[in-house]
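Report on one structure; see the data block that follows.
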Amino acid sequence: MPRLSRGSLVQLQVINELIVFVRQAPKAAGHPPTFYLKAVRGKLRMSQAQLARRSGIDQGQIARIELGRVNPDLTTLRTLFNALF
């Protein structure tokens, strides 16, 4: 696993908690990436509006992605996850 060289303590704790959560989840209970997007955003206490400002993606679109109403492409997911940190 690559070593993280930068990041606040809160960000590192969130990543660690997410890794532990994923390792404990049963294999059959795989979650879509949007589940993890919402979980990480919640752990960081970031609102959808803040994520929208940082990512340049409309807040309404983020809400639809998190609710599973739209299926985002890989580029959109990368943009959102990069904006979290």
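Quick note: the coordinates plus some simple rules give every number you see, no bench work behind them. Bear in mind that the values here come from a model prediction, so they are computed numbers and not experimental data. Here the Cβ is made from the backbone with ideal geometry for all residues, glycine too, and neighbour counts use every protein chain on show.
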Can you run phi through the Karplus equation (6.51, -1.76, 1.60; θ = phi - 60°) for segment 60-75 and list ³J(HN,Hα) in whole Hz, with x for Gly and Pro?
x, 5, 4, 4, 5, 5, 5, 7, x, 7, 10, 10, x, 7, 4, 4
Take F21 and S47, extend 7 Å from each Cα along the Cα→Cβ direction, and tell me the distance between the two endpoints in nm.
2.2
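Calculated FRET efficiency, L12 and R54, Cβ-Cβ r, R0 22 Å, to nearest 0.05? Write down the numbers at each step before the final one.
Working: r = 19 Å, r/R0 = 0.84.
Between L12 and R54 the formula returns 0.75.
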